[in-house]
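Please read the structure below before turning to the comments.
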Amino acid sequence: MTIKHQKIIAVLLVALLGAEMMHVGLKNRPAEEESIVVEQPLLIWYTDPDVQAYMEAAAAEVSARYQVEVKAELVSEVDYIEKICEKSVAEKMEGPDVYVASSALLEKAALAGLTTPVPDQNLAGTYSEKAVQAVTYDGQPVAWPFYIETCVMLYNRYYVEPEEVPEKIEDILTYAENFEADEVTERVEHIFKWNVADVIDDYMFLGAYTDLGGPSGDDKSQVSMDVEKVTECMNYYQSLNGFFAIDADTVTSEEVIREFIDGKTVFTIVNVPMLAELDQAVQNGEIPEYPAEQTVIGEDGEESVRSLSYDPFYQVAPLPSLTDTLESRGLSVTNSVVVNPYSANVDAAKACARYLTRERAGSLFAESGKLTACRPLLGETSGQQEEDRSFLGYQSLYERLLGGQKEHVQEAKEEHLIVYEAYEKAAEVPKIMELSNMWLQLEVVLADIWRGMDAGEETAGFEALLKTQLR
């Protein structure tokens, strides 16, 4: 029997087991009973310590709502799916009923028989098409979208006039050439700084000309690179080292965002956790004091004084293109909540997954610094709900969706809108298992190019490596 046949049989057995458990649960439950009957406590696994407060609070609320014990457990991300499988198929099921997994892990989880299909109608209208594709494997959603990760550009509003906001990196270079320190910009040490050692931040330099498996990231036939264009982008990426001289060996995301908070950087590229750290610094009053006014000289040579007051002091912008002829495209990761079909409480596990990702989603950023994948429902037109497959209806967040549960409603923030728009345009990390180590390899390639290695040779070598892994 081949490994492929073994996997198919395993998936079929899990599907049959899941169907039997659901049948038994429904048969034993009185028709008039609204609460979910469970045979044992529900267990939730997750690997990101940043969401611990959210997960524990959600577990307590699910316990109260359904009168069942729920435990949220932080576990190591090392061999995560393997551990779930081992615990689930043991003589006594000790694995999680529900677990959080990134979109990159969903193929591995699905092939191991550890996912439960989610009907399309359960996701439509609540999540964007992009988010649904992120949790889709082999044409079927297998999880509930939970929270998103992607990159955007930040700039200091005290240093950049609205008409100066760059649409391409070439504009940042022009800004740098014309920069002159004054009483407002005296703290500036870096015009443009980002974590060049972080492959997610750097992916924008090749993302426009790379396909990592089609819309759902699971199609090996759609993994490709336009080597000529990517080489152009990589040469441009390498040239930026001469302008900004960022040390790839020492730079960190913590350093990058702290220098921006301290007013030392004009433009930067950040991810969602960095944005959350910045938001917290603003709330804590950790930003420097800027001058309340500035003397400017007009085109006629006359001096005038203009008032300065920006709250917040920064603004979020989409990722800039590289040049007039080279585009950029960021990378995104969608973390999801999966129901384990080995659970003895599949119905309760599904209710828990919905609660984590939808009903309580308005508290996610405040409690964990994560941006929920759940988009709000828009207002009504002529008594009918307006359908919108984007995140642009972020106003009055979740109030309609939650049916008035205002304790989990969060005010819309303009900067979050821009992050959501960036997420919609970004390429999702692939689910293809053969590409699971490509990020370590790409990190080495980008570091070598940044330090001066031949961009054409490095790009061609990386493309060849991708093809070899997919054979």
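A few comments on the model shown:
- Residues located in segment 255-281, provided they are open to solvent by 40 Å² or more (accessible area, probe 1.4 Å) and part of a helix (DSSP H, G or I): GLU255, ARG258, PRO273, GLU277, GLN280
- Count of segment 221-254 residues, restricted to those that are of a type in the set (Asp, Glu) and assigned to a helix (DSSP H, G or I), is 3.
- Scanning segment 101-125 for residues that are out of contact with any Asp or Glu (no Cβ under 7 Å at 6 or more places or on another chain) and open to solvent by less than 10 Å² (accessible area, probe 1.4 Å) yields a total of 7.
- Residue satisfying condition, being under 22 Å from ALA197 (Cβ atoms), in contact (Cβ under 8 Å) with a residue 24 or more places away in the chain and open to solvent by 40 Å² or more (accessible area, probe 1.4 Å), within set GLU443, GLU457, GLU424: GLU443
- Here PRO162 meets each of (1) in contact (Cβ under 8 Å) with a residue 24 or more places away in the chain; (2) out of contact with any helix residue (DSSP H, G or I) (no Cβ under 6 Å at 6 or more places or on another chain); (3) not charged (D, E, K, R) with one exception, condition (1).
- The condition of being open to solvent by less than 10 Å² (accessible area, probe 1.4 Å), in contact with a strand residue (DSSP E or B) (Cβ under 9 Å, 6 or more places away or on another chain) and modelled with pLDDT of 95 or more holds for GLY95.
- Candidate set from segment 312-329 (those that are touching a Pro at 6+ places or on another chain (Cβ under 9 Å) and small (Gly, Ala, Ser)); member that is least open to solvent (accessible area, probe 1.4 Å): ALA317
- Residue within segment 258-280 that is over 19 Å from the mean Cα position of the chain (by Cα), aliphatic (A, V, I, L, M) and modelled with pLDDT of 95 or more present: yes
- When PRO117 is tested against (1) more than 25 Å from GLN222 (Cβ to Cβ); (2) assigned to a loop (DSSP other than H, G, I, E, B); (3) out of contact with any helix residue (DSSP H, G or I) (no Cβ under 6 Å at 6 or more places or on another chain), just one condition goes unmet, and that condition is (1).
- Qualifying position, being open to solvent by less than 90 Å² (accessible area, probe 1.4 Å), out of contact with any Phe, Trp or Tyr (no Cβ under 9 Å at 6 or more places or on another chain), modelled with pLDDT of 95 or more and under 30 Å from SER368 (Cβ atoms), among ALA72, ALA59, ALA64: ALA59
- Among residues of segment 408-454, those that are modelled with pLDDT under 95 and in a loop (DSSP other than H, G, I, E, B), counted: 7
- Within segment 305-332, tally of residues that are touching a helix residue (DSSP H, G or I) at 6+ places or on another chain (Cβ under 6 Å) and modelled with pLDDT of 95 or more: 13
- When the test is whether a residue is touching a residue at least 60 places away in the same chain (Cβ under 8 Å) and over 24 Å from ASN335 (Cβ atoms), PRO273 does not pass it.
The values are calculated or read from the model by the stated rules, or taken from the named source; none is laboratory data. Source: prediction; values computed, not measured. Note: ideal-geometry Cβ built from the backbone for every residue, glycine included; neighbour counts use all protein chains shown. To get the accessible areas, we keep the full protein, side chains included, count just its heavy atoms, and leave off ligands, DNA and RNA. Shrake-Rupley method; radii C 1.70, N 1.55, O 1.52, S 1.80 Å.
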